[in-house]
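To keep things clear, I will list the structure first and then write my remarks on it.
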Amino acid sequence: MSLFVASYETRTSKALTFAVKFLTDSPRALKEMRAEHDALVRLSGNGKLTWDDYASMNFTHCVIKETLRLGNVAPAVFRETAQDIKTKDFVIPKGWAALVLLNSTHLDEKNYPEALTFNPWRWQHEPPLELSKDPWFLCFGGGARFCPGYQFAKLEMALFLHCFITKFRWEAVEEDHLHYFPYTYMVKGLPLRLSPLQ
């Protein structure tokens, strides 16, 4: 299933689609993000971003983390148990493969209050360039199987969102929503009507 999905749509493009959807549905978040990026455009003068500009996108990093939490494009990760693991009354024996469903942690109210609500402000206490220290936030895996390209994926998302927000306005052509099974996707593909911002 993953090979079919990966050959059709990249994970970054899906995550960006989800980010645009969440920003479309949250005018307050879009306003704050637009203010952050408009300030960068004014400061740069030539329209080119530097690494320091990227590092200063505090709210953008919150939007990216929240997008990946709500719309994680990797539905699950496999792990082999290195020792017997007891959880409640059940023991997972050493050497067994365990399938961790990421939505089960990312959308759990015990881990994230109002878990189905897009709330990028929940990440404001964390350093922007680091991945979350939250043990439930597994959008790039973890441990020995941690994704080596996670910083590049976040950079790609931030640069796209910068260009998209500073150059365009948009409106949804029709109502759309996320579907979570067998993987996360937009039911209608998020049809939008774009127009130049200026």
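Taking Ser195 as meeting all but one of (1) farther than 27 Å from Leu116 by Cβ; (2) in contact with a Phe, Trp or Tyr (Cβ under 6 Å, 6 or more places away or on another chain), write down the number of the exception.
(2)
Being at pLDDT 80 or above and more than 30 Å from Asp52 (Cα to Cα) is the requirement here; does Leu68 meet it?
Numbers: at pLDDT 80 or above: yes; more than 30 Å from Asp52 (Cα to Cα): no.
No: the conditions fail for Leu68.
So which residues in the range 132-191 are more than 20 Å from Glu66 (Cβ to Cβ), among the β-branched types (Val, Ile, Thr) and assigned to a helix (DSSP H, G or I), if there are any at all?
Thr166
Could you tell me which of the residues Phe59, Phe18, Phe118, Phe78 is modelled with pLDDT of 95 or more and either assigned to a helix (DSSP H, G or I) or over 20 Å from Lys154 (Cα atoms) (or both)?
That would be Phe59, the only listed residue that is modelled with pLDDT of 95 or more and either assigned to a helix (DSSP H, G or I) or over 20 Å from Lys154 (Cα atoms) (or both).
So Phe164 fits all but one of (1) under 30 Å from Ala39 (Cα atoms); (2) surrounded by 17 or more Cβ atoms within 10 Å (Cβ to Cβ); (3) free of Cβ contacts under 8 Å to residues at least 60 places away in the same chain; what number is the exception?
(3)
Consider only pairs whose beta carbons are under 9 Å apart and that are at least six residues apart or on different chains; among these, list those whose first residue lies in the range 60-88 and is without any contact (Cβ under 8 Å) to a residue 60 or more places away in the chain and whose second residue is among the β-branched types (Val, Ile, Thr).
Ala76/Val100; Phe78/Val100; Thr81/Ile92; Asp84/Val91; Asp84/Ile92; Ile85/Val91; Ile85/Ile92; Lys86/Ile92
The values are calculated or read from the model by the stated rules, or taken from the named source; none is laboratory data. It should be emphasised that the depicted structure is a prediction, and the values quoted were computed from it without experimental measurement. Cβ atoms come from the backbone with ideal geometry, glycine included; neighbour counts cover every protein chain shown.
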